[in-house]
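Encoded as structure tokens, the structure appears first; notes follow it.
Laboratory data are not the source of any read-out in this text; all were calculated from the coordinates shown. As the structure is a prediction and not an experimental result, all values here were calculated from the model. Because the Cβ atoms are built from the backbone with ideal geometry, glycine has one as well, and the counts that use them run over all protein chains shown.
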Amino acid sequence: MEILKDRVAIITGAGSGLGRELAKLCAAEGMKLVLADVDEKGLEETRTLLGAAESVLRRTDVTKRDELDALAELTYSSFGKAHLLFNNAGVAASGPVWSSTAAEWEWVMGVNVMGVVHGIQAFVPRMLEQGEPAHVVSTASLAGLTSVPGSGVYCVSKHSVVTLSECLYHDLQIAKADIGVSVLCPAFFKTGIAESERNRPAELSDSNPAGAAYAEFVRAAIEAGKLSAEDVARITLEGVKSERFYILPHNGARKTVQLRMTDILEDRKPTSPMG
Ligand SMILES: NC(=O)c1ccc[n+]([C@@H]2O[C@H](COP(=O)([O-])OP(=O)(O)OC[C@H]3O[C@@H](n4cnc5c(N)ncnc54)[C@H](O)[C@@H]3O)[C@@H](O)[C@H]2O)c1
């Protein structure tokens, strides 16, 4: 989607990190914005950074289909169209697979996978009917294309987002729809993701008892991230404008993916992407 001006962007997870930077860039492009997050204070803070852009905010828990439907209704009642959907809200959990908890699976899969499914189901049928081009960007991760030690739950969720996006692309091609698809697969960059627990529902708080050491490693890797959230947002919007499907903002990411693919094709044991 080359022209963004006067079009409508919807961003989940817009109260922090990458979602906030996407909102700022979409506003700078002259887009109208629909911003969603469970963090209402974060949403208000994002709005203060948008200059004169028209925006509406709504507290939305992406694990709940009816809340995405309500977000779609707000979008169409406010602006009449939906052009660019960012399924971006996400959370992370750490620790070895054998001690991961049922609560962790429910929480991470609920936000990272079902959140994207709900976004697609709430918006794509309406986009198909609106008679204007649209584009769906879902935030996966490089962890959706590789397998990272101590990140089993997160990797399963992000691999799901990659294949969900690929299937969505195929389905839209068959339907001859004017709706583009991208899947964003960044490596580590500095945001609030290492503090995901801040938004974790109390009833799903049972954490991996062996998660702390891995979480420390992730925190350090995020701090050391070579790109900023603003860099990742800028590369993402460039990807949307040039209709790229796989958006891998970090140099070196392709090598990691190639290593995994070569392990598969040459019948080798998996090489750790962490070296
Ligand atoms: N930061 C990284 O290193 C990195 C790398 C690869 C992928 N990602 C992905 O980027 C996306 C954005 O995360 P970020 O890094 O900006 O982290 P972040 O924590 O700064 O932002 C995530 C946002 O999602 C919101 N959120 C959490 N649960 C929610 C729910 N149930 N419903 C609605 N909103 C919810 C949070 O309130 C927060 O505002 C995520 O999908 C994440 O997995 C991040």
What does the charge dipole of the chain about its Cα centre add up to, to the nearest 20 debye, if the Cβ of each Lys and Arg holds +1 and the Cβ of each Asp and Glu holds -1? 560
Hey, what angle do you get for helix 152-174 against the long axis of the chain, alpha-carbon based, 0 to 90 degrees rounded to 10? 40
Pop a pseudo-label 7 angstrom from the Cα along the beta-carbon direction at both D231 and Q258 and give the gap in nm to one decimal. 2.1
Whole-number percent relative contact order across the stretch 8-250, with pairs defined as alpha carbons under 8 Å at least 6 apart: 22
Suppose each label sits 7 Å from its Cα in the direction of the beta carbon; what would the R126-D6 distance come out to in nanometres? 2.1
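In percent, what relative contact order does the stretch 1-142 have, based on Cα pairs under 8 Å that are 6 or more apart in sequence? Could you put the intermediate results ahead of the total?
On the way: 252 pairs, mean separation 36.4, N = 142.
After rounding, I find 26 percent.
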In whole µm²/s, the translational diffusion coefficient that Stokes-Einstein assigns to the stretch 40-118, given a Kirkwood hydrodynamic radius over C-alpha pairs, 20 °C and 1.002 mPa s, equals 147
Rounded to whole Å, give me the distance from the Cα center of the stretch 114-155 to that of the stretch 222-275. 17
If the reach is capped at under 20 angstrom between alpha carbons, list the aspartates and glutamates near K226, excluding any in the same chain fewer than eight residues apart. E21, E195, E216, E238
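Kindly flag which residue pairs out of K81/K241; K64/K269; K241/K269 have an alpha-carbon separation exceeding 27 Å in this structure. Before the final figure, lay out the partial values.
Details: K81/K241 18 Å; K64/K269 39 Å; K241/K269 38 Å.
K64/K269; K241/K269, as the Cα separations exceed 27 Å there.
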As an exercise, use a Förster radius of 22 Å and the Cβ-Cβ distance of A221 and E197 to find the FRET efficiency, rounded to the nearest 0.05. 0.80
With a 10 Å cut-off between alpha carbons and a GNM built on the chain, which of L259, L84, L18 moves the most? L259
Of I247, I264, I193, the one that fluctuates the most in a GNM where the chain has Cα springs shorter than 10 Å: I264
